[in-house]
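Every number in this text was worked out from the coordinates using simple rules, so none of it is lab data. Owing to the predicted nature of the structure, the values given are computational and were not obtained by experimental measurement. So basically every Cβ, Gly included, is an ideal-geometry build from the backbone, and we count neighbours across all protein chains shown.
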Amino acid sequence: MKDPGSVSEAHSHDWTNELRSIQAWIQAHPVLLATLGIFLPSAALFNYSIFGRAPLNLASTDVISSLPTLLAAIALLSVCCSVLMVAPVLVLIEGAPRDEKGELVIFPLERKARKRSALQWIALLLMPAAVIAGTIIVSALSDAVSDWMYLPIICLTALLYGICGAFIRSADRGVVFSESTLRTTFAGVAQMLISVFVMQSILSALRDDSPSRILLIVICAMILLALLQVGCVMAIQLTSRYAGPARQAFLAAMGIVTFVCIFPPTGAWLAGAVLGSSATGGNSCARLFLSPDTSFAQLLLEAPTSERHTSDLRVLAKVDGIYLVRKYGAAEGSVYLIPELQVLALTPCTSTRKSGS
């Protein structure tokens, strides 16, 4: 336990001066920021063209003019995803005192106690995923779980999460129940939503694999997520001596955007998500209604129809008035270049295929 002076120091942070220092740094480095504004989205587009097998003309005027918008969209997606991932563990930082060096004391200073507290929070973060996975398995194997039981299970899990989090905090700070207990309970709901999102993403990507392999990947992913969440909190504690919360958030956002643009898998995925969704109105799978004079007969449905609509397609991008499309489900299949003038309409795929995407 720290003395009261240390706790009050945590609440006397000068936000105004810190925000002014960030503003002054931005005004002093316009060339650097402009260079990053061109380089980062260009790197993401290059990764998309190479690793996403998308034949983009990077020298096209449409591509060059879309760089600022692409950077803004990638920054928004990456920062929002990162904030959502860290949001459930931000309750650990709330009310944390600072030591005499100005460093936040989120975890205990003693090594064994710090390790024990970190493992307890990791186990707590894994609890919502375990409850969700157990409920899904039980409902799939038997009729013991009805639809009306999901809401009570969610509420009870969130309540148990809040109570367990309160006892873990009490071991570190000496207070069992406080105002943060309710916020910890809502953090449990957020952790459940993140767990559902991760599980759904894995199931969608590996729906054709064996159930045992999917289960193993889900378990590894949830453990990795909990480790990343606790690791982020530890990074905040270690860097709190050198930067305040606003500067930490600013530097973290710049680092995240730079990483996701330069790292090929994330840069390609985010650039593809932005270009593909903007070309189709947010649909990952679409059907194009082509004009009668089209020469893309291999893309049309085999069933006789007068509407001449294609099979399910994944639109990679629309550049210089040309749709770059690939048959849906073919990760590395042929890419067809369909002129915009030959496209009469664009509609989402059937509900079954959209849900699988």
Largest to smallest principal axis extent of the C-alpha atoms in the stretch 85-163, angstrom:
58, 22, 21
Sorted by mean Cβ packing within 10 Å, highest first, what order do the peptides 87-94, 152-159, 117-124 take?
87-94, 117-124, 152-159
Arranged from highest to lowest average of other beta-carbon atoms within 10 Å per residue, in what order do the peptides 321-330, 106-115 appear?
321-330, 106-115
